[in-house]
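These notes concern the structure reproduced below.
Every number in this text was worked out from the coordinates using simple rules, so none of it is lab data. Note that the structure is a prediction, hence the values are computed from the model and not measured. In this analysis, Cβ positions are derived from the backbone assuming ideal geometry, glycine residues included, and neighbour counts consider all displayed protein chains.
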Amino acid sequence: MPALGTLYIVSAPSGAGKSSLISALLESNPNSDLQVSVSHTTRAPREGEVNGQHYHFVSVDEFKAAIEEGVFFEWAEVFGNYYGTSRKVIEQQLANGIDVFLDIDWQGARQVKELMPQAKGIFILPPSRTELERRLIGRGTDSDEVIAGRMAKAVSEMSHYDEYDYLIVNDSFEQALADFGAIIKANRMIVTQQAIKHCDMLKDLLAE
């Protein structure tokens, strides 16, 4: 019997590297039970993004209708666009022993924690504001105006780091990825998870 999966809430200011770290972790563990939740959003797809793989791209009217129907586990409006996560899909994945990553902001994290207090929060910080701005410019996907808006909001976003269980500083990407993987590994080794995974073995070991 597989242990129940863990829901990981991963947050960071835009440009800190959370999406890259999640992608790298999944790529380095192709056969493990790790998946990233595919959110719904009303923003336009960026170059290279595929509908249903990176996001479910929907209209504002479709998103608002889904809110009314109670489809979302959490949802938030960020930079004028809506983002939301399907509750049913998340619950099915966790029941199947899959660890799921939610790439969401602190507002969404609060909503998830209210519904699922056992979810684990991971916050990712850049080593400095200067480095954060350099990364945002280097992506080449946003205008100067958008970058200025993201930098202005970054301090407010980072002030919520202490609402999370784990903190990773993404200075060296390789070290941050190693830290990320260590968190997942350690959580899978806790007694409650191992007791479910090795139920039959424990019965044999403890039989009188």
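Return the only residue of Leu132, Leu136 being touching a Pro at 6+ places or on another chain (Cβ under 7 Å), of a type outside the set (Gly, Ala, Ser) and surrounded by 12 or more Cβ atoms within 10 Å (Cβ to Cβ).
Leu132
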Residue in the range 21-31 that is touching a residue at least 24 places away in the same chain (Cβ under 8 Å), over 16 Å from the mean Cα position of the chain (by Cα), part of a strand (DSSP E or B) and closer than 26 Å to Leu125 by Cα present: no
Per-region count, the range 50-81, residues in a strand (DSSP E or B), touching a residue at least 12 places away in the same chain (Cβ under 8 Å) and farther than 25 Å from Thr6 by Cα: 3
In the range 82-102, the residues that are assigned to a loop (DSSP other than H, G, I, E, B) and not hydrophobic (A, V, I, L, M, F, W, C): Asn96, Gly97
Condition check for Gly108: surrounded by 19 or more Cβ atoms within 10 Å (Cβ to Cβ) and more than 25 Å from Ala178 (Cα to Cα): yes
